[in-house]
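Read the figures in this text as sums done on the coordinates, not as results from a lab. Everything numeric in this text was worked out from a predicted model, so none of it was measured. Backbone-built Cβ (ideal geometry, glycine too); neighbour counts: all protein chains shown.
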Amino acid sequence: MKKNTFFADGSPLQLTLRELQALLLSPTFWGVLVAGTIVVAIAAPFGTGEAFSFIQRLFYWGAIGLFTYLPAMVVSMFVSLILKGRGVPERLSLALGGLAASIPVVAIVLIISNLVVGMPLSILPSIPLFLLQCAAISVAVVAVHYLLRTRTEDVDPAVGRRPQASSLQSRLPLAVRGPVQHLEMQDHYVRVTTEKGSELVLMRMADAIADLGGEDGLQVHRSHWVAKNAVVSSRREKGRVVLTLPHGTEVPVSRTFAPAVKEAKLI
């Protein structure tokens, strides 16, 4: 029977839920949401200044911001991860994810507006234009979100804030902390495997390697780092070297890193 990987560890759905968790635990996200709500409530666009009091505008725009941003990011992340996994270039997958995010944004805005002030039938012909506007905004927001995330350290879902220590160990649950054996890049995450287990951490591969501290190992592939003492054996397969780690994990060695692996006497 074919294994269902939809809910599997490292699947697009799991990665999306992990990133959503990190977002909800981010003080930056909540700070931006509160500040943005106050600014929009003061500006009172789209006639909300005449329709609502200031307090009502705070609740209205706060609900719009919260209940559109979160679903939009979930949809955009999930769609972009699916497309990226099928070979679509990252920038195109992010753009298409942003376009997909505009659909729940429009639906939620219409629902909230209908609940608050009622939605007259006269607004229906303008929905296609509204959808295009939301699509442009969604793509822009997704682009800014990912641009900022690649330029700064990401929030650790385990603690809900940026780690104070520079060590990779501080990002791991206590039960998993131990000598690192293997790092593997999985989309926007790095799977950190120690002698006690493994955990997905939301960060870049280069940052994970930099935070290893005194761990004795080396990068053997664009997506893999191994500890020297964790290599059980090595073999050649179809002209390339494959390292075997504890528990049978196999790690490919790329031609770029092969000389360094050979110098380390791992092959």
> Rounded to the nearest 0.05, what FRET efficiency is calculated for Lys262 and Ser223 with R0 set to 22 Å and r the Cβ-Cβ distance?
Replying inline: 0.65
> Using θ = phi - 60° and the Karplus curve 6.51 cos²θ - 1.76 cosθ + 1.60, what whole-Hz ³J(HN,Hα) does each residue of the range 213-224 get, with Gly and Pro shown as x?
Replying inline: x, x, 4, 8, x, 7, 7, 10, 6, 4, 10, 9
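Would you please name the trypsin sites (Lys or Arg not before Pro) within the range 69-104 that are DSSP coil residues with at most 10 other C-beta atoms within 10 Å of their C-beta? It would help to have the intermediate numbers written out before the result.
Numbers: sites: Lys84, Arg86, Arg91; in loops: Arg86.
Passing both the DSSP loop test and the Cβ count: Arg86.
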>> Considering only C-alpha atoms, what is the centroid distance from the range 238-267 to the range 46-81, in Å?
In response: 50 Å
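Starting with the highest mean, order 203-211, 239-247, 65-73 by the number of other Cβ atoms within 10 Å, averaged over the residues of each peptide. Don't skip to the answer; put the middle values down first.
Values: 203-211: 17.1, 239-247: 14.8, 65-73: 19.1.
Highest mean packing first, the order is 65-73, 203-211, 239-247.
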>> Can you compute 3J(HN,Hα) from phi for each residue in the range 28-35, using the Karplus curve 6.51 cos²θ - 1.76 cosθ + 1.60 with θ = phi - 60°, rounded to whole Hz and x for Gly and Pro?
In response: 4, 4, 5, x, 5, 4, 5, 5
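Using the Cα centre as the reference, give the magnitude of the dipole from point charges on the C-beta atoms of the range 169-261 (Lys, Arg: +1; Asp, Glu: -1; all else neutral), rounded to the nearest 20 debye.
Charge dipole, the range 169-261, about its Cα centre: 320 debye, nearest 20.
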>> For Leu245, what residues show an amide H to amide H distance below 5 Å, using hydrogens built from the backbone and excluding near sequence neighbours?
In response: Val232, Glu250, Val251
> If amide H atoms are built 1.01 Å from N in the plane of the peptide, which residues on other chains or at least 5 residues away come under 5 Å of the amide H of Gln181?
Replying inline: Thr193, Thr194, Glu195
